[in-house]
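To start, the structure under review is shown below, and the notes come after it.
The values are calculated or read from the model by the stated rules, or taken from the named source; none is laboratory data. Source: prediction; values computed, not measured. Cβ coordinates were reconstructed from backbone atoms using ideal geometry, including for glycine residues, and neighbour counts include every protein chain displayed. Protein only, heavy atoms only, side chains kept; ligands, DNA and RNA dropped before computing areas. Shrake-Rupley method; radii C 1.70, N 1.55, O 1.52, S 1.80 Å.
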Amino acid sequence: MASKRIAQSSVNWAAIAERVPEADKASYLAFKAKSDGYLRKMLAAPAEPLKIDWAAYKNKIAVPGLVDNFEKLYSAIKIPYPEDKYTPAIDKHEKEIIKGIEAFKAESEVIIKEAEKRIAEINSLLPFGQMTFEDAAYIQPELTLDLENKPSFWPHQEIDYINDEPEGETPQIEEQKKIDAAH
């Protein structure tokens, strides 16, 4: 009788539990316990309000029209069930997420195909033990030594000197200089 108030099927707690990280299991279990408590309270209450025996009250109360007035007011009370205004927003958000997932899957498929193509290229190469310098220069010319355009790999570019700058004076260095000067 009370279960007809539930608009949708119950939550699949097992499916949610599979997706909850270990660090959040305690929070998940507390949330599930609270939700189950609310559900038990709701299902314990009757779906319809209790029927009042107005005839018995009319026999016991001597004031004429008082019980009839209460009965009329009681029957006029309609407590509305809360309007569901969040389900359409949730459904819309779910559709957007599904679109994003599909786009991600399509992008991932392209990346996977490119990676498989690259793997096939690498597998078709000569083993490195059998490769000569000319073979390596043919396969990846940007990684090989070009004596005409790039005379060597090191140290002929400014970028190579970034980490060669002297360290600034630190308190430890200054203190050591004072100790050395004292001797």
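Brief remarks follow.
- Of all residues in segment 83-138, those satisfying the criterion of being open to solvent by 100 Å² or more (accessible area, probe 1.4 Å) and closer than 30 Å to residue 49 by Cβ are 83, 85, 86.
- Filtered by the rule that a residue be within 30 Å of residue 78 (Cβ to Cβ), open to solvent by 80 Å² or more (accessible area, probe 1.4 Å) and under 27 Å from the mean Cα position of the chain (by Cα), segment 13-66 gives 34, 38.
- The selection criterion, being under 29 Å from residue 121 (Cβ atoms), open to solvent by 100 Å² or more (accessible area, probe 1.4 Å) and modelled with pLDDT under 70, holds for residue 153.
- Subset of segment 1-12 that is of a type outside the set (Ser, Thr, Tyr) and modelled with pLDDT under 80 - its residue that is least open to solvent (accessible area, probe 1.4 Å): 2
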